[in-house]
Amino acid sequence: SGELGYYRVAYQGDLLQRLFRSTAALSLPELVGLLDDVGALAGNGTLPLGEALALVPALADDPRREVVQRALSFASDLREHIVTDALRPNYGRFVQKLFAKRAHALGWSTKTFDDEDTRLLRSRLLFLVATEGMEPALRTEALGLVHRWLADKRAVDGDVIGAALATAARTGDRALFSRLQKEARRSKERRDRQRLLVALGQFADPALAREAAQMALSDEFDPRESISIVWAQIEWPTTRPVAWEFVKRNF
């Protein structure tokens, strides 16, 4: 009631299904708490992942940011647990079907009438659709934003540039890698430097990933900042082996 207690609930019988048939009667904190319970139960194996996944389509269209963010979490968690290379095209279509329309409606550019929730949701939603949903238009737009930002830091809103940098880097080439590396080395603004270092950890090419990982030990950067390169690589199955070998070799 009111999500006032610090509890995890293991819903028995058909209670979970009954609650989701009656979400209109739940307050936002109650619904968010219920979704967090579902995520925890699916995460520890108590609830089959398929049952949690079945909730996503209804959540994806909810007008409330907090609910959509839970839907994004359920969808992105799939990649970690069950999406093999063979299933990746299917997963991309799944992400597109649920979230692409909303992502395109929001767009990369902030609007004067955006409320706080819209600004908070935009980066995460567009990053998922552009990378996992493999939306070429959003990727192209992100790369354009990056080039504008590199030329003039005031040209792109700070709310979106981190996600745009990471999106562009996922499919970026050596030229973009070198450009971001150069910018990170000369950047005096810690926030910008951190965004650039995280982006350098997003490159999927194994050769670029290995080169980026070496920057985590470079005297050029504070290691509390540059270790974010390795953290970013660990997030992706394609670069996790590079990060793991780097950690073992340099521990």
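The values are calculated or read from the model by the stated rules, or taken from the named source; none is laboratory data. Not measured: the values here are computed from a predicted model. Cβ sites come from the backbone with ideal geometry, for glycine too, and all protein chains shown count toward neighbours. Surface accessibility is based on the protein's heavy atoms, side chains included, excluding ligands, DNA and RNA. Shrake-Rupley method; radii C 1.70, N 1.55, O 1.52, S 1.80 Å.
Counting the residues of the stretch 63-86 that are surrounded by fewer than 16 Cβ atoms within 10 Å (Cβ to Cβ) and assigned to a loop (DSSP other than H, G, I, E, B) gives 6. Considering the conditions (1) within 27 Å of the chain's Cα centre (by Cα); (2) open to solvent by 60 Å² or more (accessible area, probe 1.4 Å); (3) hydrophobic (A, V, I, L, M, F, W, C), Leu47 is excluded by exactly one of them, (2). Of the listed requirements (1) over 19 Å from the mean Cα position of the chain (by Cα); (2) without any contact (Cβ under 8 Å) to a residue 24 or more places away in the chain; (3) open to solvent by less than 40 Å² (accessible area, probe 1.4 Å), Gly33 misses just one: (2). Condition test on Gly2, is it in contact with a Pro (Cβ under 9 Å, 6 or more places away or on another chain) and not in a helix (DSSP H, G or I)? For Gly2, the condition - in contact with a Pro (Cβ under 9 Å, 6 or more places away or on another chain) and not in a helix (DSSP H, G or I) - is met. Of all the residues in the stretch 50-62, those that are among the small types (Gly, Ala, Ser) and open to solvent by 20 Å² or more (accessible area, probe 1.4 Å) number 3. In the set (1) over 23 Å from Ile234 (Cα atoms); (2) touching a residue at least 24 places away in the same chain (Cβ under 8 Å); (3) surrounded by 16 or more Cβ atoms within 10 Å (Cβ to Cβ), Leu19 fails one condition alone, (2).
The residues in the stretch 36-81 that are hydrophobic (A, V, I, L, M, F, W, C), without any contact (Cβ under 8 Å) to a residue 40 or more places away in the chain and touching a helix residue (DSSP H, G or I) at 6+ places or on another chain (Cβ under 7 Å) can be counted, and the count is 12. Cβ-Cβ contacts under 6 Å between residues 6 or more apart (or on different chains), taken from a first residue in the stretch 2-16 that is in contact (Cβ under 8 Å) with a residue 12 or more places away in the chain and farther than 14 Å from Leu31 by Cβ to a second residue that is open to solvent by less than 60 Å² (accessible area, probe 1.4 Å) and of a type in the set (D, E, K, R), are listed as Arg8/Asp37. Any residue at all in the stretch 156-167 that's touching a residue at least 60 places away in the same chain (Cβ under 8 Å) and of a type outside the set (D, E, K, R)? Yes: the stretch 156-167 contains one or more residues that are touching a residue at least 60 places away in the same chain (Cβ under 8 Å) and of a type outside the set (D, E, K, R). Among the residues making up the stretch 203-251, those that are in a helix (DSSP H, G or I), among the charged types (D, E, K, R) and either open to solvent by 90 Å² or more (accessible area, probe 1.4 Å) or under 23 Å from Arg79 (Cβ atoms) (or both) are Arg210, Arg224, Arg240, Glu245, Lys248, Arg249. Selection of the stretch 87-107 for residues being under 24 Å from Leu143 (Cα atoms) and in a loop (DSSP other than H, G, I, E, B) yields only Gly107. If the condition is being closer than 20 Å to Ala163 by Cα, open to solvent by 10 Å² or more (accessible area, probe 1.4 Å) and free of Cβ contacts under 8 Å to residues at least 40 places away in the same chain, then the stretch 87-99 contributes only Gln96.
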